[in-house]
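Working notes, beginning with the structure itself.
Throughout, read-outs are computed from the coordinates displayed, never taken from laboratory work. Worth saying up front: this structure is predicted, and the values here are computed from it rather than measured. Cβ placement follows ideal geometry from the backbone for every residue including glycine, while neighbour counts extend to all protein chains displayed.
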Amino acid sequence: MTISDRIKVEDVTTLSSDWYILKKTTFSFLRGDGTWQKQSRETYDRGNGATILLYDLERRTVLLTRQFRYPAYVNGHDDLLTEAPAGLLDNASPEERIKAEVEEETGYRVSDVRQIFDAFMSPGSVTERLHFFVGAYSAADEVSGGGGNADEGEEIERLEPTIDEALEMIGDGRIRDGKTIMLLQHAALHVFK
């Protein structure tokens, strides 16, 4: 029996479609004991995305970004958020989109990227599936200053710590972004061996 066999959707109401789509769904779920239980959940659909950790093995560095994130701010983070480059797919393949996002945010044009896994980052309420990549970069790959898309309110700084410094930044709270922590831990185990 699949999960599809255990779900009966009864009502879907769109609560907001201003920035992305927020829906409230009422459904019945077949429990393990054979009884149907009525439940309701709100889901926020912002589309799927991709993220990447760029690394330079020779210098043992990674390329990260810093930018203002209002949701982090209202939850007590009074600083720019340090992150790996990322963006929504917008109908492109994950590989195409992450290459474009890297250039937009960091100013580096990379060609060799490798997907390592995908994950649901907040499956209790957000539908997004995030595709995780790693890729090498060098000074020769820099084609612009980056900085993001000003029309979208982006003002992105670049940060280039060593892998050891980046891992310390997780420990002392300077890096609090989940996708970035996952990528850095992957790099520590599999890239910078």
Given a Förster distance of 35 Å, report the FRET efficiency between E160 and V9 from their Cβ-Cβ distance, rounded to the nearest 0.05. 0.15
Test of understanding: given the chain, find the longest segment containing no GluC sites (Glu not before Pro) that are in a DSSP loop and have at most 16 other Cβ atoms within 10 Å. 59-153
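By how many nm would the segment from S93 to A136 lengthen if fully extended, with 0.36 nm per residue of separation less the alpha-carbon distance? Spell out each step's value before the answer.
Numbers: separation 43, 0.36 × 43 = 15.48 nm, distance 1.96 nm.
Additional length available on full extension: 13.5 nm.
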Return the loop-located chymotrypsin sites (Phe, Trp or Tyr not before Pro) in the stretch 1-69 (DSSP other than H, G, I, E, B) with at most 10 other Cβ atoms within 10 Å of their own Cβ; answer none if there are none. W19
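Hey, with R₀ at 30 Å, roughly what FRET efficiency would T35 and A119 work out to, going by the Cβ-Cβ distance, to 0.05? Working shown, then result.
Details: r = 32 Å, r/R0 = 1.05.
E between T35 and A119, to the nearest 0.05, is 0.40.
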Nonlocal amide H pairs with V126, under 5 Å, H built at 1.01 Å: Y44
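FRET efficiency for N75 and S17, Cβ-Cβ distance as r, R0 = 22 Å, nearest 0.05?
Working: r = 24 Å, r/R0 = 1.08.
It comes to 0.40.
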Distance in Å, no decimals, from the C-alpha centre of the stretch 14-40 to the one of the stretch 71-141 is 29
I'd like the per residue volume of the convex hull spanned by the Cα atoms of the stretch 3-45, given in cubic angstrom. 62
Can you tell which of Q185, G107, A136 lies farthest toward the positive end of the dipole of the chain, using +1 and -1 charges on the Cβ of basic and acidic side chains (Lys, Arg; Asp, Glu)? Q185
Integer Hz, Karplus 6.51/-1.76/1.60 couplings in order for the stretch 182-193, x for Gly and Pro: 4, 5, 5, 5, 4, 4, 4, 7, 10, 9, 9, 7
In percent, how large is the relative contact order of the chain, given Cα pairs closer than 8 Å and 6 or more residues apart? 21
Please list the non-local residues whose amide H lies under 5 Å from the amide H of E154, H modeled 1.01 Å from N, same-chain partners needing a gap of 5 or more. N149
